[in-house]
Each structure stands twice: as structure tokens, then as C-alpha cells.
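The values are calculated or read from the model by the stated rules, or taken from the named source; none is laboratory data. Predicted, not measured: the structure shown is a model, and the values here were computed from it. Cβ atoms come from the backbone with ideal geometry, glycine included; neighbour counts cover every protein chain shown. SASA here: full protein model, heavy atoms, side chains in, ligands and nucleic acids out. Shrake-Rupley method; radii C 1.70, N 1.55, O 1.52, S 1.80 Å.
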Amino acid sequence: MGIAALGSGLWAFPPSRDSDGGTAWLLHSQSGASVLVDVPLLSDEHLSWLQQQPRGWIVLTHRQGHGRCRRLQEQLGWPVLVQEQEAYLLPTLQQRHSFGEQRELEPGLQLLWTPGPTPGSCCLHWSQGRRDVLFCGRLLWPRGLEDVEMRIGDSTFHSTRQQRSVGRLRTWLDAGQPAQIACAAGLGVLRGAKLVERGSVAIDTLIARN
């Protein structure tokens, strides 16, 4: 199973054993930069492919998505962006940047701190051109092709804050956003698809259930 092209500048990596089975994503922004969302398995194939992409950022959405981040950063030379609550986990990284509540990489690429699954969990909203995708880390899990859920488990940092983060996410996004949701794990229920469709409705339905 290789890197999946999802059209219009978006790719999904296969699940990585270095990130608890997590899925990493790569997008090409409107400015021409690459944004790698979480760290894929550090294989020769993945590294060679990434080295052919435009220079950009590595964005970490939760601590389980760090994988072998230091080794990848050394090979690519891209700066790493992580929420400040989890920056301490990567003390030896070169070009490490952190943010607090929110951060804009460029117009249409916005980050929001959404603690709960881990202390420094965050979401990246990509709203450029025809793309309207929310990369949510492990804040949301796919429940079906047009449905998401929150999961509370042994690794959950704070379940109440996780619920508040979902509500804050809804007010942060504009009405009707996002069109699609890219979750970091649990994609098997999508039956071969990678993205949850009708993302705005899926989030509204989740909030109504809770």
C-alpha cells in the first residue's frame, strides 16, 4: 500500500507503525509550499518522494503523530511546527517552531489548539481554492463515510477538554466548513476512502449527540 493521491494537491500516506498506526498527509498550498501533516513511516520510498516535493513545513497535530520526526527533519531540512504544550517532546530538533492558541501559515491555512486527546493536540484547516479540508489529528475519528466521533481511552489527556475543543472548533470554522475531514487514524471504517465527506454536517451531528 503506497502513497494515495487524492487530487488537487493532497496525498495520504499508509498507516505508520511509528505513529501507533496513524496516517500522515501532504498538501501543496496555494503559495506552492508543501505541508506535511504528521510524520509518515520513515521508509526509503517515502523519504525519496518527499525530497522531490517543494520545500515546506512539518506540522504535528498530536504527540502520537511525531513518529521519527527528528530523523525526517534532518533529511528534509523543513521546519517543524508544534503546539507549545508538546514542543518539549522534541528538544533536539533544528528549526522547531511552536504556537499557542492559533497560527496562520498563510491565508487559508490556519491552526487551532484543540487539547483533549493530548495536551498539545491541534487542527489544521486548509481552505484554499476548491479545497476545504480539516486535518483533525485524533480529536475526531471516522464513524462512517459522513460521520465522526470522539474517542475516550487510556491515552486521552482530558475528556472534558476534548469535548470543549470540539465545540470551540465549531465556532472557529465558518458555517458550512469543512467540506471534508482528514482524521489521523481509524480510516478502515471508510472502506477504502480516506476522507470523511460533508464534514460540517458530521461535526454538527457529533455535537448534537453529545
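Given contacts defined as C-alpha pairs under 8 Å and at least six residues apart, what's the relative contact order of the chain, whole-number percent? Write out the running numbers ahead of the final one.
Values: 453 pairs, mean separation 30.9, N = 210.
Once normalised by length, the contact order is 15 percent.
With unit charges on the beta carbon (Lys/Arg positive, Asp/Glu negative), name the residue among H46, A175, P79 whose Cα is farthest towards the positive pole of the charge dipole of the chain.
Selected residue: A175.
Carbon and sulfur atoms: what percent of the 1.4 Å accessible area of the chain do they account for?
44 percent
Rounded, prolate or oblate for the range 95-210? Axes are the square roots of the Cα gyration tensor eigenvalues, ordered a ≥ b ≥ c, and the cut-off for rounded is a/c under 1.5.
Rounded, since a/c falls under 1.5.
Rank by packing, highest mean first: peptides 30-37, 146-153, 171-178, with packing defined as the count of other Cβ atoms within 10 Å averaged across residues.
Ranking, from highest mean packing down: 30-37, 146-153, 171-178.
For W57, list long-range residues whose amide hydrogen, built 1.01 Å from N in the peptide plane, is under 5 Å from its own amide hydrogen.
Amide H neighbours of W57, under 5 Å, 5+ apart: S34, V35, L36.
Would you work out the charge dipole size for the range 1-90 about its Cα centre, treating the Cβ of every Lys and Arg as +1 and the Cβ of every Asp and Glu as -1, and quote it to the nearest 20 debye?
Its charge dipole is roughly 80 debye.
Summing +1 for each Lys or Arg and -1 for each Asp or Glu, what net charge is found among the other residues whose Cβ lies under 15 Å from the Cβ of N210? Intermediate results must be reported in sequence, preceding the final value.
Values: positive: R143, R151, R161, R164, R168, R170, R209; negative: D147, E149, D204.
Surrounding charge for N210 is +4.
Given Cβ point charges of +1 (Lys, Arg) and -1 (Asp, Glu) and nothing else, what value in debye, to the nearest 20, does the dipole of the chain about its Cα centre take?
180 debye
Would you mind telling me the antiparallel percentage of the DSSP bridges in the chain, rounded to 5?
Working: 29 of 43 bridges.
Close to 65 percent.
Using R₀ = 25 Å, calculate the FRET efficiency as 1/(1 + (r/R₀)^6) where r is the Cβ-Cβ separation of R170 and Y88; round to 0.05.
The calculated FRET efficiency here is 0.25.
Once the Cα atoms of the chain are picked out, what are the Rg and Dmax in Å?
In order Rg, Dmax, the Cα atoms of the chain give 15.6, 45 Å.
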